[in-house]
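Okay, so here's the structure we're looking at.
We did not get these values from a lab; they are worked out from the coordinates using the rules stated. All values derive from a computational prediction rather than experimental measurement. Note that each Cβ is placed from the backbone with ideal geometry, even for glycine, and that neighbours are counted across all protein chains shown.
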Amino acid sequence: MSIHLGDEAPDFTAETTEGSIDFHRWKAGKWAVLFSHPADYTPVCTTELGRTATINSEFEKRDVKTIAVSVDPVEDHRGWAPDIRDVGGTDLNFPIIADPDRRVSALYDMIHAGEGDTSTVRSVFIIDPQNKVRLTLTYPKSVGRNFDEILRVIDALQLTDAHPVSTPADWTPGDQVIVSPAMATDEARQRFEQVEEAKPYLRWAAYPQS
């Protein structure tokens with residue numbers, strides 16, 4: 001099945017390195033990043049999970065839970081954990097889903113058809129507290145993900161949920177934002193600081209402080 005933005009993230013029950021979970025119950029009103037890796041004991045995946053463990057406190061600051069999935073069994077995940085620690089410098093501090101029967105991978109369309117195997121591609125799903133899919137990314141198996149970009153997108157989603165704004169190209173937290181086209185300029189100037197009209201349809205404002 002194909003998953004589109006705004007869809008409810010499919011629920012599932014699975015074994016993980018931290019025990020059995022029901023996905024919706026496990027995330028329980030929080031944001032979540034669900035991401036797949038092709039296989040345990042592979043070089044790119046080891047760097048990715050090591051990086052996630054290193055910056056997991058940054059996800060927690062944003063009320064985000066991280067969880068990985070691959071088609072390997074949980075015993076392999078646990079055996080691989082010391083390598084993740086050695087490469088990333090931090091103990092594994094988030095669960096890895098065991099998916100040997102490919103149920104979760106098929107549910108989230110993570111198998112790359114035509115590649116000659118049944119391992120998962122590097123998919124990313126950002127899911128909000130209401131279990132709605134807010135962003136999807138898919139990388140080829142040979143390209144590691146940029147986890148700073150995943151954090152940046154979460155910051156942008158949380159900001160634009162809280163305020164009638166959008167974020168421009170290459171935006172990072174603290175940068176100017178774009179006022180919603182639905183808001184009149186006079187109203188925007190009452191609500192935001194430093195509103196500048198570049199075009200009738202493009203109004204800049206200072207980063208909202210609350």
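Pick out which of TRP80, TRP171, TRP31 has the largest mean-square fluctuation in a Gaussian network model of the chain, springs linking Cα atoms closer than 10 Å. Maximum fluctuation in the GNM of the chain, among the listed residues, is at TRP171.
The mean sequence separation of alpha-carbon pairs under 8 Å and at least six residues apart, normalised by the residue count of the stretch 155-210, gives a relative contact order of 30 percent. Evaluated with a Cβ-only charge set (Lys, Arg +1; Asp, Glu -1), the chain carries a dipole of roughly 380 debye about its Cα centre, given to the nearest 20. Which lysines, on any chain, are close to LYS141 with Cα under 25 Å apart, when same-chain ones fewer than 8 places away are left out? The qualifying lysines are LYS65.
Computed from the C-beta positions of ASP63 and GLU149, the FRET efficiency with R₀ = 22 Å rounds to 0.70.
With the helix formula -39500 (n - 2.57) applied to DSSP H stretches of n ≥ 4, the chain reaches a computed 222 nm mean residue ellipticity of -9000 deg cm²/dmol. Maximal additional length on extending the ASP186-SER20 stretch stands at 54.4 nm, based on 0.36 nm per residue less the C-alpha distance.
From the coordinates of this entry, mean projected area of the Cα convex hull in nm² is computed, and it appears in (i) 14.8; (ii) 17.3; (iii) 12.8 under the label (iii). Estimated at 0.36 nm per residue, the fully extended path between ARG85 and THR47 surpasses their Cα-Cα distance by 12.7 nm.
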